[in-house]
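Q: Submitted below is the structure of interest, expressed as structure tokens.
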Number of protein chains: 2
Amino acid sequence: MLSKNKIKYLQSLKLKKFRQKYNNFLAEGEKIVAEILSQDKIKLEALFATSEWIAENPTFQGNFNKRLTIVTEKELAKISQLKTPNKVLAVVERPAPSVDSHRLSNGLSLYLDGIRDPGNMGTILRIADWFGLDYLFTSLDAADIYHPKVIQSSMGAFLRVPSARLEFSALREMVPQLKTYGMVLEGESLFKQSLDSRGIIVIGNESKGISPEIKKQIDRAISIPPGPGGNAESLNAAVATGIVCAIFRN
Amino acid sequence: MLSKNKIKYLQSLKLKKFRQKYNNFLAEGEKIVAEILSQDKIKLEALFATSEWIAENPTFQGNFNKRLTIVTEKELAKISQLKTPNKVLAVVERPAPSVDSHRLSNGLSLYLDGIRDPGNMGTILRIADWFGLDYLFTSLDAADIYHPKVIQSSMGAFLRVPSARLEFSALREMVPQLKTYGMVLEGESLFKQSLDSRGIIVIGNESKGISPEIKKQIDRAISIPPGPGGNAESLNAAVATGIVCAIFRN
């Protein structure tokens, strides 16, 4: 049985300010919750599940039990962010961001400068996961990685890709020699350069591109050339990110 | 002033069966409508615009006038498929699909086998436009190219990329020697093959991949290798398409 206050609290987590205030976020559905429960490093705060889910997950017990609330389908619908609620909803602690300067300077990372669409953000998390990137950083004005739509569309990639929300200048301070690539429309073709296997790739906002201050800090401007007879109208930001990461990794 | 029947008809166009029955589709918003009006090959059937739009588009006249209905914002909201209706809505005739076997055999095309998400379909249209592909084909069970969400998310690419909905076997009959590449998880790395600049690339359904019958007709199975330490969980279908097209074109 869910109290009115509990429902109000859970519903508030769809907003960034409450996710930040309470330092947690929601993850829903059987697949994502199963992944969360299988990971040691993720701190589960509470779990709301239907009796059907409980019956199907008999091994779920022990330490988690006191954090479990059994809910009816109707209650689940009230607290869910999904159109079609799926048996179980977890409240998870936001992992404390930590950046290791050695890994940063020796690895390949992404910096999302103002990416606003949660769907794009989730898709980019999957790309970072696929190509084994070291970090996914987001600017302060970018969509929140813990937005319910990002969590759902990332297919669990948010559990595997280390991420942090910080100013670009903080990264340069940490690793001053960090080689910075920026995706711009007017850059040099990605296919005509020798690319380092280390560094950071900056992806700009869906319509405005990379912000002027960050543009100044870019070492190499790169672009994806349109094909013969193609229209360089616009490429989706996540698609462009996927192409860049594929080329850097191969 | 819109009659009840007219409203009902316009609302029905959100469903594929009515778009097919009436042989037309909706396109909304200032930018897309401006592109439609600037093209000769697109047949505009009707235009519904607010008086604000009319005032801002004084050159819009002549032949189109008799197809124009001035609507209030309230009426526009009733017939619009958008959350935030944007001044103008066009009813456009579905172009008759035509496939030139010479262009097909000498060009590079995509075949979407069961892509279901209209957002993915719109993004893939933009990719095909960017890389100047010759055709975008869709299987009979794929999302409709003229679905309102595809039209809106394709950013006008649907006007530039020739498309047709047909069985894969029809293409092989037209051009028996058509070189067929298929994106599969267990294929050979895209980066370790010499790729032809001509042929057709098959992209499978978001979760099930390429259907068994089409798989049999593939000459070369290709895949995108995950990066070191990466998780080959899933790459979004549109992102995978973008990577493949970028490699084929460069």
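The values are calculated or read from the model by the stated rules, or taken from the named source; none is laboratory data. Every value quoted in this text rests on a predicted model; they were computed, and no experiment measured them. Note that each Cβ is placed from the backbone with ideal geometry, even for glycine, and that neighbours are counted across all protein chains shown.
Q: Given the conditions (1) away from chain A (no Cβ under 14 Å); (2) out of contact with any Gly (no Cβ under 9 Å at 6 or more places or on another chain), report the number of the one that B:Val244 does not fulfil.
A: Checking B:Val244 against (1) away from chain A (no Cβ under 14 Å); (2) out of contact with any Gly (no Cβ under 9 Å at 6 or more places or on another chain), the one that fails is (1).
Q: Restricting to the range A:118-158, what's the tally of residues that are part of a helix (DSSP H, G or I) and touching an Asp or Glu at 6+ places or on another chain (Cβ under 6 Å)?
A: Counting residues in the range A:118-158 that are part of a helix (DSSP H, G or I) and touching an Asp or Glu at 6+ places or on another chain (Cβ under 6 Å) gives 1.
Q: For the range A:186-200, which positions are surrounded by 13 or more Cβ atoms within 10 Å (Cβ to Cβ) and out of contact with any Leu (no Cβ under 9 Å at 6 or more places or on another chain)?
A: Those that are surrounded by 13 or more Cβ atoms within 10 Å (Cβ to Cβ) and out of contact with any Leu (no Cβ under 9 Å at 6 or more places or on another chain): A:Gly187, A:Glu188, A:Leu190, A:Phe191, A:Gln193, A:Leu195.
Q: Output the number of residues of the range B:207-236 satisfying the condition of being touching a Phe, Trp or Tyr at 6+ places or on another chain (Cβ under 9 Å), over 24 Å from A:Asn250 (Cα atoms) and not polar (S, T, N, Q).
A: Selection size over the range B:207-236: 3.
Q: Taking the residues in the range B:206-229 that are touching a Ser or Thr at 6+ places or on another chain (Cβ under 9 Å), small (Gly, Ala, Ser) and over 21 Å from A:Ser154 (Cβ atoms) as candidates, determine which candidate is surrounded by the most Cβ atoms within 10 Å (Cβ to Cβ).
A: B:Ser223
Q: While we're looking at this one, here's another question. Output the residues belonging to the range A:105-140 that are charged (D, E, K, R), surrounded by fewer than 24 Cβ atoms within 10 Å (Cβ to Cβ) and within 12 Å of another protein chain (Cβ to nearest Cβ).
A: A:Asp117, A:Asp134
Q: Please verify whether A:Ala143 is free of Cβ contacts under 8 Å to residues at least 24 places away in the same chain, within 22 Å of the chain's Cα centre (by Cα) and away from chain B (no Cβ under 13 Å), treating the condition exactly as stated.
A: no
Q: Give the range B:55-94 a look and list any residue that's touching a strand residue (DSSP E or B) at 6+ places or on another chain (Cβ under 9 Å) and closer than 15 Å to B:Lys14 by Cα, or say none.
A: Once the filter is applied, which keeps residues that are touching a strand residue (DSSP E or B) at 6+ places or on another chain (Cβ under 9 Å) and closer than 15 Å to B:Lys14 by Cα, the range B:55-94 yields B:Leu76, B:Ile79, B:Ser80, B:Gln81, B:Leu82, B:Pro85, B:Leu89, B:Ala90, B:Val91, B:Val92, B:Glu93, B:Arg94.
Q: Does at least one position in the range B:182-196 carry a residue that is modelled with pLDDT of 95 or more, in contact with a helix residue (DSSP H, G or I) (Cβ under 8 Å, 6 or more places away or on another chain) and part of a loop (DSSP other than H, G, I, E, B)?
A: There is no residue in the range B:182-196 that is modelled with pLDDT of 95 or more, in contact with a helix residue (DSSP H, G or I) (Cβ under 8 Å, 6 or more places away or on another chain) and part of a loop (DSSP other than H, G, I, E, B).
Q: Which residue out of B:Ala232, B:Ala170, B:Ala237 is within 14 Å of chain A (Cβ to nearest Cβ), surrounded by fewer than 16 Cβ atoms within 10 Å (Cβ to Cβ) and of a type in the set (A, V, I, L, M, F, W, C)? Outline the logic, then answer.
A: Details: B:Ala170 fails: within 14 Å of chain A (Cβ to nearest Cβ); B:Ala237 fails: surrounded by fewer than 16 Cβ atoms within 10 Å (Cβ to Cβ).
Being within 14 Å of chain A (Cβ to nearest Cβ), surrounded by fewer than 16 Cβ atoms within 10 Å (Cβ to Cβ) and of a type in the set (A, V, I, L, M, F, W, C) holds for just one of B:Ala232, B:Ala170, B:Ala237, which is B:Ala232.
Q: In the range B:49-64, is there at least one residue being part of a loop (DSSP other than H, G, I, E, B) and among the aromatic types (Phe, Trp, Tyr)?
A: Scanning the range B:49-64 turns up at least one residue that is part of a loop (DSSP other than H, G, I, E, B) and among the aromatic types (Phe, Trp, Tyr).
Q: Just for the range B:77-97: of the residues that are in a strand (DSSP E or B) and within 21 Å of B:Ile54 (Cα to Cα), which one is nearest to the chain's Cα centre (by Cα)? Break it down into steps so the answer makes sense when it comes.
A: Let us first name the residues in the range B:77-97 that are in a strand (DSSP E or B), namely B:88-93.
Filter once more, so that each one left must be within 21 Å of B:Ile54 (Cα to Cα): B:88-92.
Numbers: B:Val88: 21, B:Leu89: 18, B:Ala90: 17, B:Val91: 17, B:Val92: 15 Å.
The residue in question is B:Val92.
Q: A further question follows. Restricting attention to the range A:212-229, report how many residues are among the small types (Gly, Ala, Ser) and more than 8 Å from every other protein chain (Cβ to nearest Cβ).
A: 2
Q: A follow-up question, please. Failed condition for B:Pro148, given (1) touching a residue at least 60 places away in the same chain (Cβ under 8 Å); (2) closer than 21 Å to A:Ala232 by Cβ; (3) more than 12 Å from chain A (Cβ to nearest Cβ); (4) not hydroxyl-bearing (Ser, Thr, Tyr), with all others met?
A: (2)
Q: Taking the stated definitions as given, is A:Ile203 touching a helix residue (DSSP H, G or I) at 6+ places or on another chain (Cβ under 8 Å), buried (at least 20 other Cβ atoms within 10 Å of the Cβ), of a type in the set (Val, Ile, Thr) and within 12 Å of chain B (Cβ to nearest Cβ)?
A: Spelling it out, it is not the case that A:Ile203 is touching a helix residue (DSSP H, G or I) at 6+ places or on another chain (Cβ under 8 Å), buried (at least 20 other Cβ atoms within 10 Å of the Cβ), of a type in the set (Val, Ile, Thr) and within 12 Å of chain B (Cβ to nearest Cβ).
Q: Being in contact (Cβ under 8 Å) with a residue 60 or more places away in the chain and farther than 25 Å from B:Gly132 by Cα, is that true of even one residue in the range A:216-225?
A: Within the range A:216-225, none of the residues are in contact (Cβ under 8 Å) with a residue 60 or more places away in the chain and farther than 25 Å from B:Gly132 by Cα.
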